[in-house]
Amino acid sequence: MNQTSIIPNWCRLALLAVALAVVALLWARHHFGRAEYERRIAALQAAGEPVTTSDFAARYPDPPPERQFRRLLRSVLPAGSNPAVAPPNGDVWEVWGRVGALSNREPFAPELLEQARLELVASAATVELLLRTDLADFGLLHQWQTGGWTNSSWPDGDDISLRMKLCVALALQAAYEAEVGHPQRAATALVRGYQIARLPSHIGVLSAFGQLGCEHSMLPAVERTLNRAVLTDDDLRRLAEVLPRPSDLMREAMFAERARLLFCWNDSATWRVPKVKDPWWKRNGTTLGHPKLDQIRCLWRGYGGRLEFLDRWADRVAATRLPMREQLAAIATNQSKVFQIWASQTNFASRVQKCWDVDYSLLLCPEAKLTRMFDGNARQLAGLANAQAAVAIERWRLAHPGRLPDTLSELVPAYLTAVPLDPFDGQPVRYKKLPVGYVVYSVGLGWTDQGERSGSAIKLAVER
């Protein structure tokens, strides 16, 4: 007796057709999605935006950073004692924090003056030690006794801590030399600090954080030096030359971070998103085989796909061209979209962390702190505009003893090509005479001029 099949033949054929259709749909999505992805990459390159490592080599034909860094180190700090007998390095951050807490007119206490001197001797000794070693290997960084350093290689690794440490030491040196009556040395320390902060190291968002951190240290040193010493016109001119940024930091950071992530995607062997359950020999690299790249590939899922990734980063690059208020709003909106994608994915944090044994918050730090970085950039731009105006005013005062300019327009064109603009509202920075000295300020996140005493104002005062 023939048994009748439970599933009719037409149902089997229908199921087979559905299965084939799903396979075809997935193949088409992969094929055409990749074709669209490659088309958009080609369009970015045609528009002159760097998206590969070779693009960056053509865009930044500067000497290797380690060569420039070695040249700067030779004149960065005054010669110290032999590194073997240098006094223990305490905490240059803590000493600089104590200096920053002083008012413009408040002198160093004797104990603080001696502590600063010892820190500078120790820093100079460490610079000598670095000069005697191969700067391509910062393995000696762990010998610094203050912590917060990374033992990694240049230029592939993290140079941020080294730059920030040196800039803090140079800021402290500028304040110290101004205090003890050596204005030329103070000016040289400021110039070297900005040169170190601006060395080309286009490795992405974290590098931009590092430059912002360096500038954050140097700006109070500029204000302190202008208050405690009278610089010559030549010293002021040298300082004025290094204050403006050579390029748009945020735009270059967005280009660099996008290229850094795309580097993991451009090889066909890395097209597949690694699975959490893959054995380590499949997860750890395919062709590239680098732990950090493996971490980045685990973040692919965080954008929802390749095309979505390009959309998010296109929005970020476009935001850098907007006025500051619209720029900050656009970046905040962009971040919220990414966070929504993360929230919609089940156990996203644990899945990413399982891809590699790293701290989740550290892994996503560059992605999760873009809003904070753009806010910090706006503040630093305002501070730099104030500093450029103040340096020009000091040059004018040297040419007109006992007087202050009535307006900043009097400084153009002899000392400024144009009055620096406030990045927050696009207007010239504000200038006001004080009973003793003057103040230059930006409106800050208040967006309107509420005076230099308002909590949102970003100001530089010279009270002498």
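The values are calculated or read from the model by the stated rules, or taken from the named source; none is laboratory data. Because the structure is a prediction, the values reported are computed rather than measured. Cβ atoms come from the backbone with ideal geometry, glycine included; neighbour counts cover every protein chain shown.
I'd like the residue in segment 238-254 that is farther than 16 Å from Gln195 by Cβ and buried (at least 18 other Cβ atoms within 10 Å of the Cβ) and, out of all such residues, is modelled with the highest pLDDT. Working first, answer last.
Keep residues of segment 238-254 that are farther than 16 Å from Gln195 by Cβ, which gives 248, 250-254.
Now restrict to residues that are buried (at least 18 other Cβ atoms within 10 Å of the Cβ): 250, 252-254.
On the way: Met250: 89, Glu252: 83, Ala253: 83, Met254: 85.
It comes out as Met250.
Given the conditions (1) at pLDDT 50 or above; (2) touching a helix residue (DSSP H, G or I) at 6+ places or on another chain (Cβ under 7 Å); (3) within 25 Å of Ala259 (Cα to Cα), report the number of the one that Arg192 does not fulfil.
(3)
So in segment 439-458, with the set limited to residues that are over 20 Å from Leu226 (Cα atoms) and of a type in the set (Val, Ile, Thr), which one is modelled with the lowest pLDDT?
Per the criteria, the residue is Thr448.
List, please: which pairs have Cβ atoms under 8 Å, are six or more places apart or on different chains, and start with a residue in segment 158-181 that is assigned to a loop (DSSP other than H, G, I, E, B) and end with one that is of a type outside the set (Ser, Thr, Tyr) and modelled with pLDDT of 90 or more?
These pairs meet every condition: Val180/Leu113; Gly181/Ala229.
Restricting segment 315-332 to residues that are surrounded by 15 or more Cβ atoms within 10 Å (Cβ to Cβ) and among the charged types (D, E, K, R), which is nearest to Gly444 (Cα to Cα)?
Arg325
Quick test of your reading of the structure: Val76 fulfils all but one of (1) more than 24 Å from Leu199 (Cβ to Cβ); (2) modelled with pLDDT of 75 or more; (3) not small (Gly, Ala, Ser). Name the failing condition by number.
(1)
What number of residues within segment 452-462 are among the hydrophobic types (A, V, I, L, M, F, W, C) and assigned to a loop (DSSP other than H, G, I, E, B)?
Of all residues in segment 452-462, those among the hydrophobic types (A, V, I, L, M, F, W, C) come to 457-458, 460-462.
The next check asks that each one be assigned to a loop (DSSP other than H, G, I, E, B); those that pass are 457.
Residues meeting the conditions: 1.
Determine if segment 95-104 includes at least one residue that is out of contact with any Ser or Thr (no Cβ under 8 Å at 6 or more places or on another chain), modelled with pLDDT of 80 or more, more than 30 Å from Glu179 (Cβ to Cβ) and aliphatic (A, V, I, L, M). Please lay out each step first, then the result.
Going through segment 95-104, the residues out of contact with any Ser or Thr (no Cβ under 8 Å at 6 or more places or on another chain) turn out to be 95, 97-104.
Then drop every residue that is not modelled with pLDDT of 80 or more, which leaves 95, 97-104.
Adding the requirement that they be more than 30 Å from Glu179 (Cβ to Cβ) leaves none.
Within segment 95-104, none of the residues are out of contact with any Ser or Thr (no Cβ under 8 Å at 6 or more places or on another chain), modelled with pLDDT of 80 or more, more than 30 Å from Glu179 (Cβ to Cβ) and aliphatic (A, V, I, L, M).
Considering each residue of segment 433-451, count those that are part of a loop (DSSP other than H, G, I, E, B) and either touching a Lys or Arg at 6+ places or on another chain (Cβ under 9 Å) or surrounded by fewer than 12 Cβ atoms within 10 Å (Cβ to Cβ) (or both), and give that number.
Let us first name the residues in segment 433-451 that are part of a loop (DSSP other than H, G, I, E, B), namely 434-437, 443, 447-451.
Right, trim to either touching a Lys or Arg at 6+ places or on another chain (Cβ under 9 Å) or surrounded by fewer than 12 Cβ atoms within 10 Å (Cβ to Cβ) (or both) and you get 435-437, 443, 447-449, 451.
Number satisfying all stated conditions: 8.
Here is a list: Arg430, Arg464. Which entry is crowded, with 16+ Cβ neighbours inside 10 Å and in contact (Cβ under 8 Å) with a residue 12 or more places away in the chain?
Arg430
Might you let me know whether segment 214-230 holds any residue that is touching an Asp or Glu at 6+ places or on another chain (Cβ under 9 Å), under 23 Å from Gly181 (Cβ atoms) and either of a type in the set (Gly, Ala, Ser) or assigned to a loop (DSSP other than H, G, I, E, B) (or both)?
The initial filter retains those residues of segment 214-230 that are touching an Asp or Glu at 6+ places or on another chain (Cβ under 9 Å), namely 224-230.
Going one step further and asking which of them are under 23 Å from Gly181 (Cβ atoms), we end up with 224-230.
The next check asks that each one be either of a type in the set (Gly, Ala, Ser) or assigned to a loop (DSSP other than H, G, I, E, B) (or both); those that pass are 229-230.
For segment 214-230, residues touching an Asp or Glu at 6+ places or on another chain (Cβ under 9 Å), under 23 Å from Gly181 (Cβ atoms) and either of a type in the set (Gly, Ala, Ser) or assigned to a loop (DSSP other than H, G, I, E, B) (or both): present.
In segment 40-65, how many are modelled with pLDDT of 60 or more, outside any loop (DSSP other than H, G, I, E, B) and not hydrophobic (A, V, I, L, M, F, W, C)?
First, the residues of segment 40-65 that are modelled with pLDDT of 60 or more: 40-60.
Of the ones still in play, those that are also outside any loop (DSSP other than H, G, I, E, B) are 40-46, 53-59.
Within this subset, residues satisfying the condition of being not hydrophobic (A, V, I, L, M, F, W, C) are 40, 45, 53-55, 59.
Number of matching residues: 6.
Give me a count of the residues in segment 365-418 that are of a type outside the set (Asp, Glu) and assigned to a helix (DSSP H, G or I). Don't jump to the end; show me each part of the working.
Step one: of segment 365-418, the residues of a type outside the set (Asp, Glu) are 365-366, 368-374, 376-393, 395-405, 407-409, 411-418.
Subsequent filtering for residues that are assigned to a helix (DSSP H, G or I) retains 365-366, 368, 370-374, 376-393, 395-399, 408-409, 411.
Counting residues in segment 365-418 that are of a type outside the set (Asp, Glu) and assigned to a helix (DSSP H, G or I) gives 34.
Given (1) basic (Lys, Arg); (2) touching a residue at least 60 places away in the same chain (Cβ under 8 Å); (3) in contact with a strand residue (DSSP E or B) (Cβ under 6 Å, 6 or more places away or on another chain), identify the lone condition not met by Arg395.
With (1) basic (Lys, Arg); (2) touching a residue at least 60 places away in the same chain (Cβ under 8 Å); (3) in contact with a strand residue (DSSP E or B) (Cβ under 6 Å, 6 or more places away or on another chain) applied to Arg395, the lone miss is (3).
Quick one: count up the residues across segment 227-237 that are surrounded by fewer than 17 Cβ atoms within 10 Å (Cβ to Cβ) and touching a helix residue (DSSP H, G or I) at 6+ places or on another chain (Cβ under 8 Å).
Within segment 227-237, the first condition is being surrounded by fewer than 17 Cβ atoms within 10 Å (Cβ to Cβ), and the residues that meet it are 230, 232-234, 237.
Narrowing the set further to residues that are touching a helix residue (DSSP H, G or I) at 6+ places or on another chain (Cβ under 8 Å) leaves 230, 232-233, 237.
Qualifying residue count for the region: 4.
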